[in-house]
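**Q** Below you will find the structure I want to go over with you.
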Amino acid sequence: MKELVVLSGKGGTGKTTITAAFASLAKDAVLADCDVDAADLHLLLHPEVRGRMEFRGIEIAIKDPALCTECGACREKCRFEAIDENFDIMDTRCEGCGVCEIVCPADAIHLEFRLSGEAYISSTRFGPMSHARLFTAEEASGKLVAMVRKNAKMLAADEDRSLVLIDGPPGIGCPVIASISGTDLTCIVTEPTVSGRHDLIRVVGVARHFKVPVAVIINRYDVNPEMAQTMEAWCAEENIPVIGRMPYDTAATMAMVKGMTIVEYDDDVLAPAVRDAWRRLEGLLYGR
Ligand code: SF4
Ligand code: SF4
């Protein structure tokens, strides 16, 4: 089983639009939406949820009021100011450091994992999908990404599928690291802008750190052909294949409005470019 992750370095490059189009072309894939902070692959794939599970991300302190003697030791030692004047713990401020549990002379405090989100197993018209939702203001998205990937691999094994296609999160932080590590290929969707170039270099750095090969798609390349050329030249110097050059086309927006992928919308500009990029990605993945 192979894992292909699509990344972008930042939001708004068309990554999810292109990943959804790949999903419609992949014959034998499980889809994994690892952009858990701002998941939107479901808007195009309309998953039908078959199973859901709780996600408990970070630990927080819980007080048993029956045991508390109101000595104040916990409030004095909590450096996150998460304990109020009544010695009650404020969930939203607690960082789960555990100091209050240690200093409490009455054993009135213990740590518990807080419910931080949900993970889902779903069906889509292109195959099974693993996805999740992180509750508002919750952290630990890297841990939730790991759960989404684990569920996707389990689905692939159960349904004898040969590919996990991952829609990765933006940036280069913990959720990206959780999305990229151990995969077989990273496809970076970028755009020809100064920040796009900067982000491309940063994501390539992360992929190389984890020894994952990289391919690049330049989306809306015709908006700034000079910058697109500069980026292609950099890719050539770095031995990174540019497997797609997508022109700007309103069909991407039209398809999204209709809840379809570019391939289903089947315009005569973007759809052929996406098909070609997918063929080349398959070539890199399976050595064809
Ligand atoms: S676990 Fe740490 S942050 Fe949370 S209330 Fe206790 S001392 Fe404060
Ligand atoms: S340290 Fe324990 S007993 Fe003292 S105020 Fe905090 S919870 Fe209550």
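Where a number appears in this text, it was derived from the coordinates with a stated rule and is not lab data. Model, not experiment: these values are computed from the prediction. Positions of Cβ are generated from backbone atoms using ideal geometry, with glycine treated the same way; all protein chains shown enter the neighbour counts.
**Q** Return the lysines within reach of LYS63: Cα separation strictly under 27 angstrom, same-chain partners fewer than 8 residues apart disregarded; answer none if there are no such residues.
**A** Within the straight-line cut-off, LYS63 pairs with LYS77, LYS143.
**Q** Continuing with this model, one more query. If packing is taken as the mean number of other Cβ atoms within 10 Å per residue, what is the order of 208-219, 82-93, highest first? Walk me through the numbers before you get to the answer.
**A** Numbers: 208-219: 18.9, 82-93: 13.9.
Listed from highest to lowest mean packing, they are 208-219, 82-93.
**Q** With no solvent and one equal point scatterer placed on each C-alpha of the chain, evaluate the Debye formula and give log10 I(q)/I(0) for q = 0.13, 0.16 Å⁻¹, two decimals.
**A** Treating every Cα as an identical point scatterer, log10 I(q)/I(0) equals -0.85, -1.14.
**Q** Still on this structure: State the extension gain, in nm to one decimal, for the chain segment bounded by ARG208 and GLU118, taking 0.36 nm per residue of separation less the distance between their alpha-carbons.
**A** Working: separation 90, 0.36 × 90 = 32.40 nm, distance 3.12 nm.
Working it through step by step, the gained length comes to 29.3 nm.
**Q** Does segment 57-115 come out rounded, prolate or oblate by the C-alpha gyration tensor, with a ≥ b ≥ c the root eigenvalues, rounded set by a/c under 1.5 and, if not, prolate when a/b is larger than b/c and oblate if not? Write down the numbers at each step before the final one.
**A** Working: a/c = 1.66, a/b = 1.36, b/c = 1.22.
Taking the square roots of the gyration eigenvalues as a ≥ b ≥ c, segment 57-115 is prolate.
**Q** Could you give the angle, 0 to 90 degrees to the nearest 10, between helix 270-286's Cα long axis and the longest principal axis of the Cα atoms of the chain?
**A** Around 70 degrees separate the two axes.
**Q** Right, something else. Using the alpha carbons of segment 128-173, what is the convex hull volume per residue in cubic angstrom, as a whole number? Before the final figure, lay out the partial values.
**A** Numbers: hull volume 3.7 nm³, N = 46.
Convex hull volume per residue, Cα atoms: 80 Å³.
**Q** Sticking with this one: What angle do you read, to the nearest 10 degrees and between 0 and 90, between the alpha-carbon axis of helix 15-25 and the longest principal axis of the chain?
**A** 60
**Q** Additional query: What's the extension gain from GLU85 to LEU43 if we count 0.36 nm per residue and subtract their Cα-Cα distance? Let's see the in-between values first.
**A** Values: separation 42, 0.36 × 42 = 15.12 nm, distance 4.53 nm.
Length difference between fully extended and current span is 10.6 nm.
**Q** Also, quick follow-up: As an exercise, use a Förster radius of 30 Å and the Cβ-Cβ distance of ARG56 and VAL99 to find the FRET efficiency, rounded to the nearest 0.05. Can you show the working numbers first?
**A** Details: r = 21 Å, r/R0 = 0.69.
After rounding to 0.05, the efficiency reads 0.90.
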